[in-house]
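S.K.: Below you'll find the structure I mean.
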Amino acid sequence: QVQLVESGGGLVQAGGSLRLSCAASGGTFSYYAMGWFRQEPGKEREFVAAVDWSSGRTTYYADSVKGRFTVSRDNPRNTFYLQMNTLKPEDTAAYYCAARWGPLNTQATQATQYPYWGQGTQVTVSS
């Protein structure tokens, strides 16, 4: 099993940037595909972005963040990142990192594909 801890959230004005980190432990990090999801109170959890296992050459992005957010992984440091640029108030949410053993599949945007989750980090974007 792998344990995940997110960090890097905070309060940012619209147009600003944040870099979220997800530190992994308890497993061989490179063997896990990683995803980012976000959720606001009263709303459904939604997919944000994902990166495939190992080299991470394959990535997926929600249409709402494509061109603004970038996922990456640093396998030697067991860390998964979400670089968020040009933030909008609608990006305000609790952000969660998630992991699944092995490569991504055609259902990579589905939360049910990820059995391991972090505790979340809050991102608030002011107008």
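S.K.: Could you tell me which residue of segment 88-127 is most open to solvent (accessible area, probe 1.4 Å), considering only residues that are part of a loop (DSSP other than H, G, I, E, B), more than 12 Å from Leu4 (Cα to Cα) and free of Cβ contacts under 8 Å to residues at least 60 places away in the same chain?
M.R.: Restricting to residues being part of a loop (DSSP other than H, G, I, E, B), more than 12 Å from Leu4 (Cα to Cα) and free of Cβ contacts under 8 Å to residues at least 60 places away in the same chain, the top hit is Thr106.
S.K.: Here is a follow-up. For segment 5-17, state whether one or more residues are small (Gly, Ala, Ser), closer than 21 Å to Thr124 by Cβ, open to solvent by 50 Å² or more (accessible area, probe 1.4 Å) and outside any loop (DSSP other than H, G, I, E, B).
M.R.: Checked segment 5-17: at least one residue is small (Gly, Ala, Ser), closer than 21 Å to Thr124 by Cβ, open to solvent by 50 Å² or more (accessible area, probe 1.4 Å) and outside any loop (DSSP other than H, G, I, E, B).
S.K.: The conditions are (1) more than 15 Å from the chain's Cα centre (by Cα); (2) of a type outside the set (S, T, N, Q); (3) modelled with pLDDT of 95 or more, and Glu6 fails exactly one of them. Which is it?
M.R.: Condition not satisfied by Glu6: (1).
S.K.: Kindly provide the set of residues from segment 76-127 that are under 13 Å from the mean Cα position of the chain (by Cα), among the polar types (S, T, N, Q) and within 23 Å of Val12 (Cβ to Cβ), ordered by number.
M.R.: Hits for segment 76-127 are Thr79, Gln83, Gln119, Thr121, Gln122.
S.K.: Which ones in segment 69-87 are surrounded by fewer than 14 Cβ atoms within 10 Å (Cβ to Cβ), not in a loop (DSSP other than H, G, I, E, B) and not basic (Lys, Arg)?
M.R.: Residues of segment 69-87 surrounded by fewer than 14 Cβ atoms within 10 Å (Cβ to Cβ): 74, 76-77, 86.
Filter again for not in a loop (DSSP other than H, G, I, E, B), leaving 74, 76-77.
Passing the criteria: Asp74, Pro76.
S.K.: Could you figure out which of (1) of a type outside the set (Asp, Glu); (2) under 14 Å from the mean Cα position of the chain (by Cα); (3) closer than 27 Å to Leu11 by Cβ isn't true of Ala33?
M.R.: Among (1) of a type outside the set (Asp, Glu); (2) under 14 Å from the mean Cα position of the chain (by Cα); (3) closer than 27 Å to Leu11 by Cβ, Ala33 violates only (3).
The values are calculated or read from the model by the stated rules, or taken from the named source; none is laboratory data. Note that the structure is predicted; figures quoted are calculated from it, not measured. Neighbour counts are summed over all protein chains in view; Cβ atoms, including those assigned to glycine, are modelled from backbone coordinates with ideal geometry. Only protein heavy atoms, including side chains, enter the accessible area calculation; ligands, DNA and RNA are left aside. Shrake-Rupley method; radii C 1.70, N 1.55, O 1.52, S 1.80 Å.
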